[in-house]
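The values are calculated or read from the model by the stated rules, or taken from the named source; none is laboratory data. Keep in mind that this is a model prediction, so the values were computed, not measured. Cβ atoms come from the backbone with ideal geometry, glycine included; neighbour counts cover every protein chain shown. The protein model used for the area step is the full one, side chains on, heavy atoms only, and it has no ligands, DNA or RNA in it. Shrake-Rupley method; radii C 1.70, N 1.55, O 1.52, S 1.80 Å.
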Amino acid sequence: MDPLLLGLIVAIATIVVLFSGVSVALGLLIVSGGFLIVFDGMRSLELLPEIFFGKLNNFALLSIPMFIIMGASIASTRAGADLYEALERWLTRVPGGLVISNLGACALFSAMSGSSPATCAAIGKMGIPEMRKRGYPDAVAAGSIAAGGTLGILIPPSVTMIVYGIATETSIGRLFLAGVIPGLLLVGLFMAWSLYSTWRSGDMNLLSGRSYSWRERIEILPRVLPFLFIILGVLYAMYGGIATPSETAAVGALLCLVIAMVIYKLWSPVALWVVLRDSTRESVMILFIIGAAGVFSYMLSSLFITQSIAEWIGTLDVNRWVLMGAVNVFLLVAGFFLPPVAVILMAAPILLPIITTAGFDPIWFAVILTINMEIGLISPPVGLNLYVINSIAPDIKLKTILVGSLPYVGCMVLAIVLLCLFPGLATWLPDLVMGTMR
């Protein structure tokens, strides 16, 4: 059978299996095993355990559960509320300071937790009721938090970037640095739109807030600064050549647990057990997907699907930006239905040869891919962040949350356009800190 036709059949079968309700990892194993049996016979299954566990035999994977523990220990405390309150006290006199505080808190909390749903839940529980109480439109209150939560997979340390680095054998340190400037760019675009939409509402009361004394501003800092120092310390250790990403992640996780116990009195064995249990559950889920995706990649390569697609793309007489546009549409559609980790692990083996052949930087492409995944987090039908916000504020209709988040989707599309026009937004900082690779 023609490999391209076989690839189309594999894609349709994968979509059908994943939409049947099985987990992503199990679905990938079912599709991989089924096609290998049909085309290579039963003996081909003998290699699958070796491929599955071989994909997990990577020291860099240790950083995933460590960063997840780091985020879970923060999310299980009042760190999010304190971070929000600290920014509110310092930015309250800035016009529209409350919505800026929320987005700033989302950016900082997502950098500490690396989780979009956790960011939405932690900041949204405090921010949404406060914004609504002061008269901000429901769409602005809900949409800004939903969009701010997506920053968790872009601003380092990011589990999604770690997965991409492992899947494509790309430097995780470079990927982390590549997400810094685009992450700040998105924060700036989100803030600009939020201020504009607030100003457009015509209620000038929204642009002012309560006045805080300097004592009130300073007394909140000791609860927040330790976490920020941990982030800076982790990044410094990683880029200063002191330790590897896995080692810095382990130290960061331990320090976050200690701070959560000391500052937030997280002494209860039950509370600590919940942190470790949830972290283990999420880590195992991601690692299971990574192993299954390794088997799926082997199946694609064994049946010459990956090679044939890359060769076919190479023969197309189209502008490379037209090709990149098609790739973005594919990523957007995939992100609407699948979690970011699954999309990256499934698509990376196919897309990486294509984008490198077309002359695109894989580090730059990682940022483009991640922003596409962010759009999927606030877009139906899955739109995980939309449902998290709806669970926090059930009296706000899901339609209102969606309408409020759509302008932020436009901000993300604008960010992708700016990154295409100015690739240095993603590549300049990694090259500056770690040296150029080109």
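Brief remarks follow.
- Verdict on SER379 being of a type outside the set (A, V, I, L, M, F, W, C) and in a helix (DSSP H, G or I): no
- In this entry, THR248 is excluded by the filter for residues that are crowded, with 17+ Cβ neighbours inside 10 Å, assigned to a loop (DSSP other than H, G, I, E, B) and modelled with pLDDT of 75 or more.
- Subset of the range 382-403 (residues that are part of a loop (DSSP other than H, G, I, E, B) and either open to solvent by less than 50 Å² (accessible area, probe 1.4 Å) or within 18 Å of ILE123 (Cβ to Cβ) (or both)): GLY383, ALA393, PRO394, ILE396
- Checking each residue of the range 55-65 against the condition of being open to solvent by 10 Å² or more (accessible area, probe 1.4 Å) and within 19 Å of ILE259 (Cβ to Cβ) gives at least one match.
- Only one of the listed residues (MET346, MET434) is farther than 30 Å from LEU29 by Cβ and in contact (Cβ under 8 Å) with a residue 24 or more places away in the chain. That residue is MET434.
- Test: residue in the range 350-365 that is closer than 25 Å to CYS120 by Cα and not charged (D, E, K, R): no
- Any hit, the range 109-121, residues being open to solvent by 50 Å² or more (accessible area, probe 1.4 Å) and either of a type in the set (A, V, I, L, M, F, W, C) or within 30 Å of PHE304 (Cα to Cα) (or both): no
- Residues in the range 265-279 that are among the charged types (D, E, K, R) and either surrounded by 14 or more Cβ atoms within 10 Å (Cβ to Cβ) or touching a Leu at 6+ places or on another chain (Cβ under 9 Å) (or both): ASP278 only.
- Qualifying residue in the range 295-307 (condition: touching a helix residue (DSSP H, G or I) at 6+ places or on another chain (Cβ under 9 Å), part of a helix (DSSP H, G or I) and closer than 25 Å to CYS120 by Cβ): no
- Some residue of the range 255-264 being open to solvent by 60 Å² or more (accessible area, probe 1.4 Å), more than 28 Å from VAL99 (Cα to Cα), modelled with pLDDT under 80 and not aromatic (Phe, Trp, Tyr): no
Residues are listed down the side, and each one gets a yes or a no for (1) without any contact (Cβ under 8 Å) to a residue 60 or more places away in the chain; (2) more than 30 Å from TRP267 (Cα to Cα):
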site: ALA25; (1), (2): no, yes
site: LEU45; (1), (2): yes, yes
site: ILE51; (1), (2): no, yes
site: PRO65; (1), (2): no, no
site: ILE69; (1), (2): no, no
site: TRP90; (1), (2): no, yes
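- Where a residue in the range 288-309 is farther than 20 Å from VAL341 by Cβ and its partner, wherever it lies, is charged (D, E, K, R) and open to solvent by 40 Å² or more (accessible area, probe 1.4 Å), with Cβ under 9 Å and at least six apart: SER302/ASP40; LEU303/ASP40; SER308/ASP2
- Single residue of ALA342, ALA366, ALA334, ALA326 found to be within 17 Å of the chain's Cα centre (by Cα), in a helix (DSSP H, G or I) and surrounded by fewer than 23 Cβ atoms within 10 Å (Cβ to Cβ): ALA334
- Tally, over the range 349-363, of residues that are in contact with a Gly (Cβ under 7 Å, 6 or more places away or on another chain) and either under 12 Å from GLY179 (Cβ atoms) or open to solvent by less than 10 Å² (accessible area, probe 1.4 Å) (or both): 0
- Contact map, the range 130-156: residues that are of a type in the set (Asp, Glu) paired with residues that are open to solvent by 10 Å² or more (accessible area, probe 1.4 Å) and part of a helix (DSSP H, G or I), Cβ distance under 6 Å, separation 6+ or inter-chain. Pairs shown: ASP138/THR400.
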